[in-house]
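*Asks:* Right, I'll just put the structure down here and ask away after.
The values are calculated or read from the model by the stated rules, or taken from the named source; none is laboratory data. Quick caveat: nothing in here was measured; it's all calculated off a predicted structure. Please note: Cβ atoms are built from the backbone with ideal geometry, for glycine as well, and neighbour counts cover all protein chains shown. To get the accessible areas, we keep the full protein, side chains included, count just its heavy atoms, and leave off ligands, DNA and RNA. Shrake-Rupley method; radii C 1.70, N 1.55, O 1.52, S 1.80 Å.
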Amino acid sequence: MVEVTRATREKSKLRIALAGVSGGGKTLGALLLASGLTGGDFSKVCLIDTEHRRGELYANRTDLGVGEFWYIELKAPYSPEHYKECVDAAVKQVGPDGVVIVDSLSHAWSNVGGVLEIKADIAAKPGKNSYTAWDEAGRIQNDFINYLLSVNCHTICTLRVKQDYVLTENDRGKQVPVKVGLAPVQRDDVEYEFDIMFTIGRDHIATTSKDVTFLDGFGAIITSDLGKQLAEWANDGKEPTRCEECG
């Protein structure tokens, strides 16, 4: 029997993605959002770093408003299972009031051990081909994303984007090349899975392409104050109903 109930607003854990070009400020933006979401308590923030330890360069940066956060270096292989191990450890460290930052989620798609490589390995098996391999690889991808978005704390993922250059007229009237971001380096529909999808330009301005909160039309540099506002929005509701089967 199908049960029909009245919808009730409950407190929620936000799932946020930041996609942008190199140098746009994805890592710093994620850390500042985390600061606001935790009330400035960086002991409740853990950053999972696939970017060859570059995330550590932001630790204790008082000039940027960043304190000492927890840190996990995620090395190759960048398989969904390896990501899950790191996320599990991060969630255990920060607790339900904390924030886990995955910097970046793109490696799980197109780097060593990622879903594209898993798909190629499946296709190389006897009786398999590139088309049929997507059935299995697609399930692995879906299971991974569903897991990532169900953890019991706020989650922020950064995404690399495919980059290109376009000619733009500068203030002197001359045509100059400007780096622009295209689609995120992940599965085509991944942005639908997040509550908020920020796209960050080389000028550090973030705009929302997907939002379920109050940010429709947002276009500014990400700050910790924005994270604070998002925390207030997420906490505006009744306590979530506990699932007995989930434990």
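*Asks:* What shape does the range 1-151 have by the C-alpha gyration tensor, where a ≥ b ≥ c are the square roots of the eigenvalues, rounded means a/c under 1.5, and otherwise prolate means a/b greater than b/c and oblate the rest?
*Replies:* On the way: a/c = 2.45, a/b = 1.31, b/c = 1.87.
Oblate is the answer for the range 1-151, as a/c is 1.5 or above yet b/c matches or exceeds a/b.
*Asks:* Using each residue's phi in the range 225-233, evaluate 6.51 cos²θ - 1.76 cosθ + 1.60 at θ = phi - 60° and report the 3J(HN,Hα) Karplus result to the nearest Hz, with x for Gly and Pro.
*Replies:* 4, 4, x, 4, 5, 5, 5, 4, 5
*Asks:* Report in % the part of the accessible area of the range 11-148 that belongs to carbon and sulfur, leaving out ligands and nucleic acids; probe 1.4 Å.
*Replies:* Values: 3030 of 6020 Å².
Reported share for carbon and sulfur atoms: 50 percent.
*Asks:* Here is a follow-up. How large is the charge dipole for the range 1-107, taken about the Cα centre, if only the Cβ atoms of Lys, Arg (+1) and Asp, Glu (-1) carry charge, to the nearest 20 debye?
*Replies:* 320
*Asks:* Take the Cβ-Cβ distance between Glu73 and Arg139 as r, set R0 to 25 Å, and report the resulting FRET efficiency rounded to the nearest 0.05.
*Replies:* 0.35
*Asks:* Moving on. From the phi of every residue in the range 148-161, what ³J(HN,Hα) in whole Hz does the Karplus formula 6.51 cos²θ - 1.76 cosθ + 1.60 yield, where θ is phi - 60° and glycine or proline is x?
*Replies:* Karplus values, whole Hz, x for Gly and Pro: 4, 8, 10, 5, 8, 6, 5, 10, 10, 10, 9, 9, 5, 10.
*Asks:* Another question, if that's okay. Just to check I understand the Karplus step: with θ = phi - 60° and J = 6.51 cos²θ - 1.76 cosθ + 1.60, what whole-Hz values come out for the range 24-39, glycine and proline as x?
*Replies:* My calculation for the range 24-39 gives x, x, 5, 5, 4, x, 5, 5, 5, 4, 4, 4, x, 5, 9, x Hz in order.
*Asks:* If you don't mind, another one. Please list 126-133, 92-99 highest first by mean number of surrounding beta-carbon atoms within 10 Å per residue.
*Replies:* Order by mean packing, descending: 92-99, 126-133.
*Asks:* Sticking with this structure for a sec: List every residue whose amide H lies under 5 Å from the amide H of Ile222, counting only residues 5 or more places away in sequence or on a different chain, with H placed 1.01 Å from N in the peptide plane.
*Replies:* Ala206
*Asks:* Heavy atoms only, probe 1.4 angstrom, no DNA, RNA or ligands counted: give me Tyr78, Tyr71 ranked by accessible area, highest first.
*Replies:* Tyr71, Tyr78
*Asks:* Before I look further, what does the chain give for accessible area per residue, probe 1.4 Å, in whole square angstrom?
*Replies:* 55
*Asks:* So what is the calculated 222 nm ellipticity per residue for the chain, using -39500 (n - 2.57) for each DSSP H run with n of 4 or more, over all residues, to the nearest 500 deg cm²/dmol? Show your work: numbers first, answer last.
*Replies:* Details: 6 runs with 70 residues, N = 247.
That calculation yields -8500 deg cm²/dmol at 222 nm.
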